[in-house]
Amino acid sequence: MAAMTAGQIAGLEATQIAALSASAVTGLTAADIGGLTGAQVAALSATQMSALSEDQVDGFNATQLRGLTARQIAGISSTAIAGLAPESIAAFTTTQVAGLASTQVAALTADKVQAMTAAQIAALSVSGVAGLASTQVAALTATQMAAFTATEVAALTPTAVSGLTATQIGGLTKDQMAALTSSQVAAISTTSIVGLTSTEIAGLTLTQFGSLTPPRSAPSRPLRWPR
C-alpha cells in the first residue's frame with residue numbers, strides 16, 4: 001500500500017478496501033486515511049481498524065469519524081485512540097461515545113476528556129465512566145460535571161473520585177451527591193472536602209457523613225452532622 005499514490009488509493013472500490021489484509025492497512029499513511037471516501041471508510045472491518053496506529057487514527061477527519069460504526073470504534077486499540085486530537089474526540093456522536101470501552105476512555109489524556117461536550121459526557125456508559133482516572137476527572141469543567149447522571153457518578157471509581165477538586169465537589173447536584181457510595185465519599189481528598197456546601201452537607205446520609213475524612217485544617221464552615 002505504501003507504494004500506491006493517494007489518487008490510486010482513493011480509486012479503490014469499497015470491496016477492495018474490505019479485502020485488504022491488516023498488514024496492508026498498516027501501510028496506509030495518515031494522509032491516505034484522510035483521503036478515504038465515506039464508502040471506503042465504511043468498508044473497514046474491526047480487524048482492520050485494530051491494525052491502525054496512533055498516527056493513522058489521527059488521520060481521520062471529523063466527517064469520517066462521525067461515520068464510524070460502533071463495531072469499527074470498538075476495534076480501535078486503546079493505544080491508537082490516544083492518538084486522536086481533542087477536536088477529533090469532540091467530533092464523536094453521543095452514540096459512538098456510548099460505545100467506548102473503559103480501556104479506550106482510560107487512554108484519553110486529560111485535555112481530550114476536557115474537549116468532550118456535555119452531551120458526550122452524559123452519553124458515557126457505566127463501563128466507560130469506570131475507566132476515568134483521577135487526573136481526567138480533575139480536568140472536567142463545571143459544565144461537564146453537571147452533565148454526569150447519578151448513575152454515572154455512582155460508576156466512578158474511588159480513585160477517580162479522589163481527583164475531584166473542591167470547586168467540583170461544591171458544584172455537585174443533590175442527585176449526584178446522593179449517588180455517592182460510602183467508599184467514594186471516603187475517597188474525597190481532605191483538601192476537597194472544604195468545597196462541600198451547607199446544602200450538600202445537610203443532604204448527606206449518616207453513612208456518607210461517617211465516611212468523610214476530616215480536613216487537616218478547619219474548613220471555613222463547620223461540618224455539622226446531618227439530621
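The values are calculated or read from the model by the stated rules, or taken from the named source; none is laboratory data. Quick caveat, the model's predicted, so the values are computed rather than measured. Heads up, the Cβs are rebuilt from the backbone with ideal geometry, glycines too, and the neighbour counts pull from every protein chain shown.
Check Leu52 against each of (1) in a loop (DSSP other than H, G, I, E, B); (2) in the same structural domain as Ala139 (by TED's automatic domain parsing); (3) among the hydrophobic types (A, V, I, L, M, F, W, C) and name the one condition it does not meet. All conditions are met except number (2). Just one of the numbered conditions (1) farther than 25 Å from Ala142 by Cβ; (2) within 11 Å of the chain's Cα centre (by Cα); (3) crowded, with 20+ Cβ neighbours inside 10 Å is not true of Val105: (1). The residues listed here are Thr213, Thr197; of these, the one that is at pLDDT below 95, of a type in the set (Val, Ile, Thr) and either over 30 Å from Ala115 (Cβ atoms) or not assigned by TED's automatic domain parsing to the domain that holds Ile121 (or both) is Thr213. When Ala118 is tested against (1) outside the structural domain of Ala43 (by TED's automatic domain parsing); (2) more than 25 Å from Val161 (Cα to Cα), exactly one condition is not met: (2). At least 3 residues being in contact with a helix residue (DSSP H, G or I) (Cβ under 7 Å, 6 or more places away or on another chain) and surrounded by 13 or more Cβ atoms within 10 Å (Cβ to Cβ) is the threshold, and among the helices (runs of 4 or more DSSP H) wholly inside the stretch 1-41 those reaching it are 14-18, 30-34. Looking at Ala74, is it closer than 25 Å to Gln144 by Cα, part of a helix (DSSP H, G or I) and among the small types (Gly, Ala, Ser)? Yes, satisfied. Among the residues of the stretch 131-179, those identified as assigned to a helix (DSSP H, G or I) and over 25 Å from Phe209 (Cβ atoms) are Thr135, Gln136, Thr143, Gln144, Ala147.
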